[in-house]
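Asker: There's a structure below that I have some questions on.
The values are calculated or read from the model by the stated rules, or taken from the named source; none is laboratory data. Just so it is clear, the structure is predicted and the values come from calculations on it, not from any experiment. Glycine also receives a Cβ, built like all others from the backbone with ideal geometry; neighbour counts cover every protein chain displayed.
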2 protein chains.
Amino acid sequence: MTGQGEPPRPAARRPATVRPLPIAVDTMGGDHAPGEIIEGAVEAVRAHGVRVVLVGQAPRIQRELDRHGVAGKIPIVHAEEALDMGEGALASWRKPKSSIAIACHLIKQGRASALVSAGSTAGVVATSRLRLKGQQGVMRPAIAVTLPTSPRPTILLDAGASVDVKPEGLVQFAALGTAYAQILLGVERPSVGLLTIGAEPGKGNKVTKRAYELLSGGSHGIEFAGNVEGHDLLSGEVNVVVTDGFTGNVALKTMEGTIRTAFSEIRGAMTASAPARVGALLQRRRLLELRERLDPDTYGGGVLLGLNGTVVIAHGASHARAITSACELAHRLAAGRIVERIREQVGATRTSRFGRWTHGERDSQADRADKADRADKTDRADRGPKSPERPPEPSRPAEPAPEATAPAGDRAAPERTEPPAAT
Amino acid sequence: MTGQGEPPRPAARRPATVRPLPIAVDTMGGDHAPGEIIEGAVEAVRAHGVRVVLVGQAPRIQRELDRHGVAGKIPIVHAEEALDMGEGALASWRKPKSSIAIACHLIKQGRASALVSAGSTAGVVATSRLRLKGQQGVMRPAIAVTLPTSPRPTILLDAGASVDVKPEGLVQFAALGTAYAQILLGVERPSVGLLTIGAEPGKGNKVTKRAYELLSGGSHGIEFAGNVEGHDLLSGEVNVVVTDGFTGNVALKTMEGTIRTAFSEIRGAMTASAPARVGALLQRRRLLELRERLDPDTYGGGVLLGLNGTVVIAHGASHARAITSACELAHRLAAGRIVERIREQVGATRTSRFGRWTHGERDSQADRADKADRADKTDRADRGPKSPERPPEPSRPAEPAPEATAPAGDRAAPERTEPPAAT
C-alpha cells in the first residue's frame, strides 16, 4: 500500500465546503484498463478541474502519469488486486484488496466522495454494496442509467442492481430517481413514470399495480406521471422511469440490441448498391454523430444510488472519453450532495402513509453482506486477527485522512465517526 | 343472427381431413375495420385459397363483398356488437354477442378452426379465454410474436397474455413455443432460450432462476439453449425466447419504440443537409424495404396459444395486407394441428419430473372465467334462463354445424362432444 503523488490535501486554509473531496477512480476495471482509464481521469483533471485519486497498481499508474506529463500531480493509492471482468458478486468476498474495495474504503474514510469504475457491473455492485453499505432508510440500491432521448435525457432505474423488488421498493426507486434527476437534469420536480404494460392504472403485474397505488397516493414529494410502456422509454415524455432491476435490465439491453441491429441493417442497406454507397458517403458525418449519440458506449454506464457514497459504473468497453464523462458526473453528483438529497427524498416517502417498510425489509444480498460484516467484526473481537475465514480488511492507506474533519458532504454521518479499520 | 353467403360447407363428398375448417375473421376489430379487414380476408381467399367466414355486421360485410365482386362466395355470420379498441377485459363479460365472442362460438361448435382479429389485444385475449377456455393441461395461455430477425425469425412468448407467471408456467411456455416453432419455422427441435439478465445459470430473478433449473433438467422434449438477454432478441441465436407476459410485453414495446426512434432519427440525419438529401434519394428503395421489415405493422400481431382453438391477434393498425398474412398464418397453424401439438408437448413436460404443477395451478383470471362458467351452468340449471346475472350465451348461428363430425383437427376433444349452447 503506497500513497504517491499529491495526496488528497487537507482543506485547512480554505472553507471546507469549497473544495469537494476527490473522485476515486478504479484504474483496474474495464476492457481498456489501465491506459484509457488513466488517460480519461487525467483529462478530467486537466480540462474540467475534477479532483481525482487513482486506485490501482501504483508503478503502472506512475508510468502512465509520466507519459501524460502529470507525474506527482495526481494522487495514487495502491491496490494489489483487480476484479476480472468475468467475475461476479463472489469476487467481492474473495478479493478484499481489490481496487474497487480500496476505493470504497477511501469513501468510508472520508478521503473520496465517489467511485468511478469500468469494472464488471456485478463485481462493482457487489463490492460497493458490501463495503459502502446501503444508506439509512433505503431498502435496496438501484442503478440509474441515462437514456439518449431528446431534447432531454430520460433516467431509467433500476437497470439491474435489485431484482425481485417489492412495490415499496419501487416507490423508493422513484425517490432515488427524483433526487438524481434534480441534480443531473436540473429539474425541480422531475416527472416519474412507472414502467408497465399499459397506460391504465390497472395494467401490470401484482408489484406494479400496487406500486401504482402507492405512487398515486401522493404526499411523498414525487411527481408521479402514471404508467409508461416500453415504447415510451425513448420518447422523452417523463424525466424518470422506475422499474425493478430485472425488467429494467431486459429493457435496456433490448434497446441496445435493437439500436445495434438497426444500425447494422441500415449500414447494409446503405452500401448494398452503387448509388446507395454514394448516398452513404454524403451522409457520413451526420450518421456518425447520430450513431454516437445512440451508442451505449457513449451514453452507457450507470450510477449506483442508495449506498453511503456514489458509485459511477462506466461501460466495460469505455475509452478515455467515457471515463472523463464518468469522472465529471461523479464530481457533479458529489457537489450536488446526492446522498443527502436521497436521504431527504426517501425520508419524505417514509413520513407519508407508507412508513412501515423500512423495518425488516432488506434484500437478501444486502442481508448477507450485513451479516457477514457483523460476523467479521465479531470474529475479529472474539478470535483475534488470525482467524482464517475472516476476509482481510483493505489495509489502511499510508497517509492520514485529512478530510475526515471536513463536512459530511457526500458521505453518510455514521461512517465518519467509524474508527480506522484494523490492520 | 343471420348466416349469409356460402356457409361453411359439409365435408361430405370428400375425405374429412382434406379441407380444413374455415378461419373466423372478426371484421369489427381494428383501426381500419371493417373495410381493410374484409379486403384482407378476401385476398386470403382469392390469392391463397384460405377458407374464411366473416363475422360482423352482415349488411356492411355484404356491401364490401359486393364491392370486391365476391358477393355470395364468402360465408358471413352476423354479430350485433363489437369490442371497442379501448375496451379491455371486462368487455368480454359485457358483450357476449361481440363479433369475437361469436367467432369463438364458431370454433367451439366446430364450424371454424381459428380466429383472426385486429381488435384490442386485451379484449381479444379476455374474450377468447372466457369463451374457448384453456386447453387441457395448460396452466396459462401465452401470446407468441415473431421478431424480425434474420435469416430466420425468432419467436418470443409471452408477449402479454399472462403476467405473474410461475417457473412451471415458463416451462409450459417453452412447450407452447416449441410446438409453434415446429409449424411456423419447420424446425424439428427448435432451440429455446430463457429471457433473463445474464448468460450464467444463476442470473435472473427468483422465477427465472427456478425456471432455468426446471428447463435444464431435460427429459421434456424441449431443446433448452440456456439464458438469453435483451440484446439477444434480435440476434436470431435461438428459435424461441420464453419469458413472462410482463417482461415480454415491456421488451417487445421497447424494441418497437427503439426501431421507430432509430428510423425517425435516421430520417432526420439523412435529410438535414443538401448532400445528405441527395444521398437519401439514392438509398430510398433499400431503406423503405428495411423499414418495412422492421416495422411492427408488418411483422406485428401475435398468436394466442394454449386455448381450445387458435387465435391470431393482428396489430390494431393492420391494413388489408396484414390481415391477409394473419389469415394465412391461422390457416397454416390449423393445418399443422397446433392445438394437438401443444397437447403433446405439454404432455411431455407433464410426464417429466415436474408432473405436479397441473393440479390446482391456474391463474386467477382463468379461474374466474372457469368459476363464472360453472356458475353460469349451475345458474341455468337451478334458476332457469331468466337469471339477470347470467351473461347470455352467444346465440347459435342459423346453420347447423356440419363439420362437427369431422376429425378434431384443431379443436380439443372435450369441446366436440359438448352439446350446443342453450339459446
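Asker: Please go through the range B:236-251 and pick out each residue that is more than 7 Å from chain A (Cβ to nearest Cβ), at negative phi and not charged (D, E, K, R).
Answerer: Across the range B:236-251, the qualifying residues are B:Val238, B:Asn239, B:Val240, B:Val241, B:Val242, B:Thr243, B:Gly245, B:Gly248.
Asker: Let me ask you something else. Being surrounded by 21 or more Cβ atoms within 10 Å (Cβ to Cβ) and out of contact with any Cys (no Cβ under 9 Å at 6 or more places or on another chain) is the filter here; which residues of the range B:37-53 pass it?
Answerer: B:Ile37, B:Ile38, B:Val42, B:Arg51, B:Val53
Asker: So B:Tyr180 clears everything in (1) among the aromatic types (Phe, Trp, Tyr); (2) within 14 Å of chain A (Cβ to nearest Cβ); (3) within 24 Å of B:Lys253 (Cβ to Cβ) except one condition, right? Which one?
Answerer: In the conditions (1) among the aromatic types (Phe, Trp, Tyr); (2) within 14 Å of chain A (Cβ to nearest Cβ); (3) within 24 Å of B:Lys253 (Cβ to Cβ), B:Tyr180 misses (2) alone.
Asker: So which residues in the range B:140-161 are part of a loop (DSSP other than H, G, I, E, B), out of contact with any Ser or Thr (no Cβ under 7 Å at 6 or more places or on another chain) and modelled with pLDDT of 90 or more, if there are any at all?
Answerer: B:Ala159, B:Ala161
Asker: Further question on the same structure: Does A:Gly119 fit the bill of being at positive phi, among the small types (Gly, Ala, Ser) and in a loop (DSSP other than H, G, I, E, B)?
Answerer: no
Asker: Could I ask something else about it? Do the conditions hold for A:Ala58, that is, is it modelled with pLDDT of 90 or more and over 20 Å from A:Ala330 (Cβ atoms)?
Answerer: So A:Ala58 fits the description; yes.
Asker: Sticking with this structure for a sec: Look through A:Ile102, A:Ile155, A:Ile143 and report the one residue that is touching a residue at least 60 places away in the same chain (Cβ under 8 Å), among the hydrophobic types (A, V, I, L, M, F, W, C) and in contact with an Asp or Glu (Cβ under 7 Å, 6 or more places away or on another chain).
Answerer: Being touching a residue at least 60 places away in the same chain (Cβ under 8 Å), among the hydrophobic types (A, V, I, L, M, F, W, C) and in contact with an Asp or Glu (Cβ under 7 Å, 6 or more places away or on another chain) holds for just one of A:Ile102, A:Ile155, A:Ile143, which is A:Ile143.
Asker: Can you tell me which of (1) at pLDDT below 70; (2) more than 13 Å from chain A (Cβ to nearest Cβ); (3) farther than 30 Å from B:Ala334 by Cα is the one B:Leu282 doesn't meet?
Answerer: (2)
Asker: Can you tell me which residue among B:Leu184, B:Leu176 is under 17 Å from the mean Cα position of the chain (by Cα) and within 23 Å of B:Ser216 (Cα to Cα)?
Answerer: Exactly one of B:Leu184, B:Leu176 is under 17 Å from the mean Cα position of the chain (by Cα) and within 23 Å of B:Ser216 (Cα to Cα), namely B:Leu176.
Asker: Hey, another quick one. Given the criterion free of Cβ contacts under 8 Å to residues at least 40 places away in the same chain, buried (at least 23 other Cβ atoms within 10 Å of the Cβ), within 30 Å of B:Ala126 (Cα to Cα) and within 26 Å of the chain's Cα centre (by Cα), identify the matching residue among A:Asn227, A:Asn249.
Answerer: Matching residue, one of A:Asn227, A:Asn249: A:Asn227.
Asker: Let me ask something else about it. Could you grab me the full set of residues in the range A:61-112 that are part of a loop (DSSP other than H, G, I, E, B), modelled with pLDDT under 90, surrounded by 20 or more Cβ atoms within 10 Å (Cβ to Cβ) and of a type in the set (A, V, I, L, M, F, W, C)?
Answerer: A:Ala82, A:Leu83
Asker: Could you tell me whether A:Glu168 is part of a helix (DSSP H, G or I), away from chain B (no Cβ under 11 Å) and in contact (Cβ under 8 Å) with a residue 60 or more places away in the chain?
Answerer: For A:Glu168, the condition - part of a helix (DSSP H, G or I), away from chain B (no Cβ under 11 Å) and in contact (Cβ under 8 Å) with a residue 60 or more places away in the chain - is met.
Asker: With the requirement that a residue be more than 11 Å from every other protein chain (Cβ to nearest Cβ) and crowded, with 18+ Cβ neighbours inside 10 Å, what does the range A:198-222 give you?
Answerer: Result: A:Ala211, A:Tyr212, A:Leu214, A:Leu215, A:His220, A:Gly221, A:Ile222.
Asker: Right, here's the next one. Report whether or not A:Thr127 is more than 13 Å from every other protein chain (Cβ to nearest Cβ) and not charged (D, E, K, R).
Answerer: Yes, satisfied.
Asker: Related question: If a residue has to be surrounded by fewer than 19 Cβ atoms within 10 Å (Cβ to Cβ) and in contact with a Gly (Cβ under 9 Å, 6 or more places away or on another chain) to count, how many in the range A:230-246 make the cut?
Answerer: Within the range A:230-246, residues that are surrounded by fewer than 19 Cβ atoms within 10 Å (Cβ to Cβ) and in contact with a Gly (Cβ under 9 Å, 6 or more places away or on another chain) number 2.
Asker: Report whether or not A:Leu233 is touching a Leu at 6+ places or on another chain (Cβ under 7 Å) and either at pLDDT 95 or above or more than 14 Å from chain B (Cβ to nearest Cβ) (or both).
Answerer: no
Asker: Let me ask another. Here is a check on your reading of the model: is B:Ala179 assigned to a helix (DSSP H, G or I), crowded, with 24+ Cβ neighbours inside 10 Å and at negative phi?
Answerer: Answer is yes for this residue.
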